[in-house]
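To start, the structure under review is shown below, and the notes come after it.
The values are calculated or read from the model by the stated rules, or taken from the named source; none is laboratory data. Quantities reported herein were computed from a predicted structural model and do not represent experimental measurements. Cβ: placed from backbone, ideal geometry, glycine included. Neighbour counts: every protein chain shown. With ligands, DNA and RNA removed, areas are computed over all heavy atoms of the protein, side chains included. Shrake-Rupley method; radii C 1.70, N 1.55, O 1.52, S 1.80 Å.
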Amino acid sequence: KMTQQMRDLQLAQARKPPGPSSPNAAKRLYRNLSGKFRVNYTSFDEGSLAGRGEKEKLRKSYLFQSNAALFEAVELQDLDRVQELLKQYSPEELDLNTPNSEGLLPLDIAIMTNNAPIARALLQAGAKESPHFLSLESRSLHLSTLVREAEQRVNELTAQVVNEAPNTDCSEKEKQLKAWEWRYRLYKRMKAGFEHARVPDAPTNVHLSVASSSSVQVTFWEPLSVNSAVVTKYKVEWSCSPTFSPLLGEAIIDKLKNLHFTIRGLVSGTAYYVQVSAYNMKGWGPPQASVPPFAIPSNWREYDGRAPRRRGQAEALDHLLSQVKTVHQHCVCHEPCKNQPQSRKHSVSKSLKHLFHPGSKFLKTLKRGLYLTAIFYKDDNILVTHEDQIPVVEIDDTYSCLLMQDFLWFTKVSCMWDEILWLRQCVTVSQSSCSCILQTRFKMLLAISQMQGLLGIQDLGQVFFEPVKDKQGNILIVTLKEVKTNQTFESVRWVPICKLQTSRKSVSSPEEPTALDMLLISIQDKLAYHQRSSHALSPGLYLGYLKLCSAVDQIRVLVPERLPNILCHVKIRSNPNISREEWEWLQKMASVDEPVPAEPEAETSQNHLFQELQVAIKELMTLVNIPLPEAKDFRLYSQEVLDFGGQVSFLLLLPPSDDVCTAPGQNNPYTPRSGFLTLPLQIFELGEEG
């Protein structure tokens, strides 16, 4: 412990703003504490690092004041000040887990004064309890000693103040007396808080679920009553026996932001029992067994031994593409120009050569035809040409009607921006044919190459799900890409979107805006769509609603505007895994003829899933504006669970078979509320893959 003189000096400063009140006081305080710092920093060569040593001393002194300020804020129960200090400094800078001269930590003071908000803030910052309190007796003895010494010091200072004549020293003694009186009351309050506290109750809502074939997850809530003491940690125990003897393992959870724990490395097909208990300064409370009482690590695929649908698909596609490239390496289109006959060099139309001439530029105005535009944006800025135009290049000036097949082919090409040159050379082989489709697609590849060359970048981004068309016969294929770094491009510059919209002077009448005008008017919506389509779902199990509608040349799928790359959905639970037992129950439910199958037994994972599905179906029907009675004919897709990367999985809710896809002209009596759109199925598949 510190000397009595040092305690007096520290207590005299305790009620003042952080930091010593005068230079002399600072020197005395630092001189008295310098021994503590020397112990930790004796490795420095003070002779050769004199300048650095002085800076280090100043830094230590400043951080010590921050540490003292934190103790003071906790003692004064000033939550705002505690949060401010925790935000301003790291736990190391605050010496958050270094005991003070009384052997206490900030968390000790918070929990013994039963200040739950401050204790939680400290716990989330990584605060610990003092390691000196190895038992209840040691904590009780320590508190009694602090109270007794504080009372003794108050009596001594009271006698000195009463017996001494009024002077400067007496005034200083009165300040010390007030500080010690306040500290005496604090220690008594801490001692009373400790004596009246009891061990915490058991945690509530302890739920056990199967996380995978080799793990289970337990989630829980705080005890309903903490018995006047803050819970500082939890213990999770697991066993193959309902009596928990023998115990297979345990884990201590002292990071209390998220109350859950995943037990890994378990044996598939074996039942594991789990219980959770809470701890406060009085010790461990009673354990609470989970609901259901045990879980068996498994996965729904084990029901029929099914392999993942996508296993090896990416590798197989890469291998197939490399094979195609190998075959095309020896094509005429890949031979050097010097090996080709002279007549071949002049067989290319002059109308195509200008696209690769150094003088090639972006278009300023549109004529009747098909065009490509690339929108690059960063925050509220967009890339434009030096003429303040959105970058546009021509695809075909004789193309007045974009076929859906050509547009969908273009969207697939957008997955291979780096392979455009190779694709263009391969298509050139068939250029002599009279196929209009090949002619159009070859021109698309040329336009992509031109846009990439003018911008100086390969990746043009994501294709917007529908072209922009005007009444003059112009069609714009739009690509969108968000730039998150300070990237430079050729032939373009950044301008605010609002400035571009206000400065755009349309050459057409307001009643008949051009495709470029229509693009600028709707650009905010398109950027919002692009940003939302790249958002990912949080891990969990979801219930999706599959609804299609067909047209003459395409099938479209219903999606929410806020997440257009995902089906309409609601979240069932945070655990994405479906266990074998749950899947077996779902199979039985799908096979029964009764409209409402029998409810599974209580306290089983199947029953919990049954309740979760009931809630999710009601929420989903409300979302898509379908009366709940109509859902009696809906069914769950029971062939598989849709798995996305292991962290997100879907169960599909399907309308009756005749209503899954609405035919052209067919009435759909239940139209979803605002906030939905329909995407071409191929576009949705590309977005979902991304």
Check your understanding: What are the residues in the range 298-315 that are in a helix (DSSP H, G or I) and either hydrophobic (A, V, I, L, M, F, W, C) or surrounded by 12 or more Cβ atoms within 10 Å (Cβ to Cβ) (or both), if any?
Key -> 300, 301, 302, 303, 314
Revision key, fill the gap. Listed by first then second residue, the pairs whose first member lies in the range 392-405 and is hydrophobic (A, V, I, L, M, F, W, C), whose partner is part of a loop (DSSP other than H, G, I, E, B) and modelled with pLDDT under 80, with beta carbons under 7 Å and at least 6 positions apart or on separate chains, are 404/553
Exercise for review: Return the only residue of 267, 276 being in contact with a strand residue (DSSP E or B) (Cβ under 8 Å, 6 or more places away or on another chain) and more than 20 Å from residue 129 (Cα to Cα).
Suggested key: 276
Practice item. Inspect the range 180-192 for any residue being at pLDDT below 90, open to solvent by 30 Å² or more (accessible area, probe 1.4 Å) and either of a type in the set (A, V, I, L, M) or over 43 Å from the mean Cα position of the chain (by Cα) (or both) and give the result as yes or no. Key: no
Practice item. Of all residues in the range 61-82, count the ones that are at pLDDT 85 or above and touching a helix residue (DSSP H, G or I) at 6+ places or on another chain (Cβ under 9 Å). Key: 14
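Please work out which residue is farthest from residue 527 (Cα to Cα), limiting yourself to the range 359-394 and to residues that are part of a strand (DSSP E or B) and open to solvent by 10 Å² or more (accessible area, probe 1.4 Å). Let's see the steps before the verdict.
Residues of the range 359-394 part of a strand (DSSP E or B): 369-378, 381-385, 392-394.
Still in the running and open to solvent by 10 Å² or more (accessible area, probe 1.4 Å): 378, 381, 394.
Numbers: 378: 10, 381: 11, 394: 23 Å.
Here the residue is 394.
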Practice item. Being of a type in the set (A, V, I, L, M) and at pLDDT below 85 is the filter; apply it to the range 493-520 and report the residue that is surrounded by the fewest Cβ atoms within 10 Å (Cβ to Cβ). Key: 507
Practice item. Look through the range 197-237, keep the residues that are of a type in the set (Gly, Ala, Ser) and assigned to a strand (DSSP E or B), and return whichever of them is farthest from residue 282 (Cα to Cα). Key: 212
Exercise for review: Please determine, by comparing only the residues of the range 602-613 that are within 23 Å of residue 268 (Cα to Cα) and of a type outside the set (A, V, I, L, M), which one is modelled with the lowest pLDDT.
Suggested key: 603
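Going through 563, 636, 586, 651 one at a time, which residue ends up being within 30 Å of residue 462 (Cβ to Cβ), touching a strand residue (DSSP E or B) at 6+ places or on another chain (Cβ under 7 Å) and either surrounded by fewer than 19 Cβ atoms within 10 Å (Cβ to Cβ) or modelled with pLDDT of 90 or more (or both)? Don't jump to the end; show me each part of the working.
Working: 563 fails: touching a strand residue (DSSP E or B) at 6+ places or on another chain (Cβ under 7 Å); 636 fails: within 30 Å of residue 462 (Cβ to Cβ); 586 fails: within 30 Å of residue 462 (Cβ to Cβ).
Exactly one residue qualifies, and that residue is 651.
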Check your understanding: Of all residues in the range 605-631, which are open to solvent by 40 Å² or more (accessible area, probe 1.4 Å), in a helix (DSSP H, G or I) and over 23 Å from residue 576 (Cβ atoms)?
Key -> 622, 628, 629, 630
Check your understanding: With respect to the numbered conditions (1) part of a helix (DSSP H, G or I); (2) free of Cβ contacts under 8 Å to residues at least 24 places away in the same chain; (3) open to solvent by less than 40 Å² (accessible area, probe 1.4 Å), which one is the sole condition not fulfilled by residue 251?
Key -> (1)
Study note, to complete from the structure: Subset of the range 276-295, residues closer than 30 Å to residue 641 by Cα and open to solvent by less than 40 Å² (accessible area, probe 1.4 Å), comes to 290, 292, 295
Review point. Has the range 91-106 got at least one residue that is surrounded by fewer than 16 Cβ atoms within 10 Å (Cβ to Cβ), more than 27 Å from residue 280 (Cβ to Cβ) and not assigned by the TED database to the domain that holds residue 283?
Key: yes
Review point. Of the residues that make up the range 521-530, is at least one assigned by the TED database to the domain that holds residue 412, modelled with pLDDT under 90, open to solvent by less than 60 Å² (accessible area, probe 1.4 Å) and touching a helix residue (DSSP H, G or I) at 6+ places or on another chain (Cβ under 8 Å)?
Key: no
Check your understanding: For the range 476-490, how many residues are modelled with pLDDT of 90 or more and farther than 15 Å from residue 377 by Cβ?
Key -> 2
Review point. Is one or more of the residues making up the range 109-117 in contact with a Ser or Thr (Cβ under 7 Å, 6 or more places away or on another chain), in a helix (DSSP H, G or I), touching a residue at least 40 places away in the same chain (Cβ under 8 Å) and not assigned by the TED database to the domain that holds residue 256?
Key: yes
Review point. So is residue 326 at pLDDT 90 or above and open to solvent by 40 Å² or more (accessible area, probe 1.4 Å) or not?
Key: no
Study note, to complete from the structure: Counting only residues that are modelled with pLDDT of 85 or more and over 25 Å from residue 130 (Cα atoms), the range 161-179 contains a total of 5
